[in-house]
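For reference, the structure is listed below as structure tokens.
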Amino acid sequence: MVQTVSTHAASRATGRSALVLGATGGVGGAIATGLIRDGWQVRALSRNAEAATSGWRQDCPAPHFVAGDAMDAASVIRAATLQDGVGVIVHAVNPPGYRNWSSLVLPMIDNTLAAARAAGGARIVLPGTVYNYDPARTTVIDEHSAQNAHTVKGRIRVALERKLAAAAPEVPSLILRAGDFFGPGTRASWFAQAMVRPGRSVRKFTSLAAGVPHAYAYLPDLAATFVGLLAIPERLRPHETLQFAGHWDATGRQMGDAVRRIVGRDVPEAGFPWWMMRLLAPFGGFPKEVLEIEPVWKHPMRLDNRRLVSLLGVEPHTALDQAVAATLADMGCLAQPQPGGARLVQA
């Protein structure tokens, strides 16, 4: 990957400037970090720019945080058009806690589209989901797979992607679809919120669907893939949709086994209480929202990365044990280096 001098002037001269929406979150923070390390000039939107700057914990300079809200079109446009504007807008924002998708998701992408147009046709970069597909009917996802979602969240994501497709080529876009996130700095993930409890040694591993194959995405690898793709804009289609294969747990038990290897002892396995979610779903809130995701765990969906590999040559990939070790260490679950040979290195 070509390295450039990390200065504002150099970034502007090569069009390597980006606005990241969601930089204080896991995937947005990982992409912002990857871009900064690759010499991009990065700004980010936050409701509290000062707190976001002081709270930046990545091993690189913080992006230039601009005060604003992704739900406010004027804020996003202003952040995208400051100085000479940006060439890329990373749209890595979602409603917290799986709530309020119907009222928030599409207005936010409309604001990002308006900002991209105001910036002269900036490329919108979207971390995609598998919610767009019916898990019971779609075992392999590629660029030609029918987006046949039948859940509320899935239909909203389909509508979101259609907006991006309709805006091209005036506003080019890049969607990189991946499985469930895990990695350092990823607090809003199934791994950190359900599988392993942060801040303490691992006493149990909670499986969302034991024995069912599942796709995972290690965030440093996913971020490196975004950075690699943005380094070859001339090879991307006006509306490019790619799949990130990541870690394919072919047995549905490899993630739990990796946790056991890293902590160096047997760890009991528990099942996620989907039954409790079903009981509480009629009352609304988190149980109702999260129950829509159950089929994604109960049916295997593998991501076909052939188009991605044709562009990059290889998909960035960190060995599973190494990725899990880095994740557990960041979560405060490892008191000391563990047996098994896992080394914590940057992807």
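Table for the structure above
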| quantity | calculated |
| --- | --- |
| Where Glu170, Glu143, Glu161 fall by accessible area, highest first, once all protein chains stay in place (1.4 Å) | Glu170, Glu143, Glu161 |
| The stretch 191-318 - percent of accessible surface contributed by carbon and sulfur, probe 1.4 Å | 56 |
| Kirkwood Rh, angstrom, the stretch 145-249 [1 / mean 1/r, Cα pairs] | 16.1 |
| Mean accessible surface per residue for the chain, computed with a 1.4 Å probe while every protein chain stays in place, in Å² | 43 |
| Under 5 Å, built H, 5+ apart or other chain: amide partners of Val90 | Leu19, Val20, Leu21, Val125 |
| Sites Ala250 and Ala67 - FRET efficiency at Förster radius 41 Å, r taken between beta-carbons, to 0.05 | 0.35 |
| Among the listed pairs Lys153/Lys204; Lys204/Lys298; Lys153/Lys298, those beyond 23 Å (Cα-Cα) | Lys153/Lys204 |
| Share of carbon and sulfur in the accessible heavy-atom surface of the stretch 66-127 [1.4 Å probe, %] | 53 |
| Fraction of beta bridges assigned by DSSP in the chain that are antiparallel (%, nearest 5) | 10 |
| Efficiency of FRET from Cβ geometry, Ser102 and Leu280, R₀ 22 Å, rounded to 0.05 | 0.65 |
| Cα-based radius of gyration of the stretch 33-162 once divided by 2.2 N^0.38 Å, which approximates compact folds | 1.17 |
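The values are calculated or read from the model by the stated rules, or taken from the named source; none is laboratory data. All values reported here derive from a predicted model rather than from experimental measurement. Ideal geometry is used to build each Cβ from the backbone, glycine not excepted, and the neighbour counts take in all protein chains shown. Accessible surface is based on the protein model in full, side chains and every heavy atom, while ligands, DNA and RNA are left aside. Shrake-Rupley method; radii C 1.70, N 1.55, O 1.52, S 1.80 Å.
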